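Here is the structure we will look at, set down as structure tokens.
Readers should treat all values here as calculations from the given coordinates under stated rules, not as data from a laboratory. These numbers come from a predicted model, not from an experiment. Here Cβ is always computed from backbone atoms with ideal geometry, including for glycine, and neighbour counts include all displayed protein chains.
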Amino acid sequence: MQRLSQASGGFASIRLAGPHIALSSRASCLVQPVKKGLLKKNKWAEEEHMNDSLFLSEKHPDSGRTATFEDNGTSAWLYLSESGSAKVVADAWVFNRVTAPKNSEIASYRGGPPPAAEGFAGPQALCKDPFKYKWSLQWSDDGESCAVVQDGQAIAMITNGQRPGYSRHLMQKGPWGEPWNEVLYRSLMDQDG
């Protein structure tokens with residue numbers, strides 16, 4: 001794992017083994033590319049999806065919470081910790097690395113969070129090559145809410161450290177969270193229209 005120093009204002013961008021990741025200057029950040037062989041193989045993870053995975057983590061300086069964006073080879077999730085602890089208190093599904101499985105297949109996914117199922121995962125849910133995109137984490141000013149940003153657009157968020165999370169790629173509420181709420185996002189992240 002590589003520790004990165006804070007940038008002076010704005011965002012710092014780096015490239016590690018393929019991923020292009022923007023780092024917030026307000027928080028310390030650890031970035032770790034995960035290489036093939038470190039992930040548990042399962043029958044659904046196609047070989048091309050197992051080559052690399054993303055891992056991005058930031059600790060907010062005021063709230064003491066840590067946001068972690070992690071890709072396990074079949075799906076990617078955003079996690080938010082308790083203040084001053086590594087204990088995860090909320091999560092949000094971000095995208096699938098594999099085609100959305102049938103609901104009847106979800107129980108077969110072991111060793112990590114499952115991908116969103118058919119009927120829940122929207123048309124943009126499949127992200128076969130996440131290294132084509134620029135990724136960053138975005139915080140609310142108080143550090144109680146966070147979002148994963150893909151190429152400048154937030155696609156998943158956790159609000160006020162609460163469950164469920166929200167995702168642009170969910171079509172309906174379910175075990176993976178709730179469909180995106182732009183009004184809530186803008187109110188928490190203080191974004192202009």
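For the reader, a short list of remarks on this structure follows.
- By other beta-carbon atoms within 10 Å, ranking MET157, MET171 with the fewest at the front produces MET171, MET157.
- When you count the other C-beta atoms within 10 angstrom of each residue and take the mean per peptide, 176-183, 145-152 line up highest first as 145-152, 176-183.
- Fraction of antiparallel bridges per DSSP, region 95-193 only, in percent to nearest 5: 80
- Cα centroid separation, region 91-106 to region 54-84 (Å): 19
- Ordering 129-142, 92-105 by mean Cβ neighbour count within 10 Å, with the highest value first, yields 92-105, 129-142.
- Cα gyration tensor, region 92-184 - rounded (a/c under 1.5), prolate or oblate: prolate
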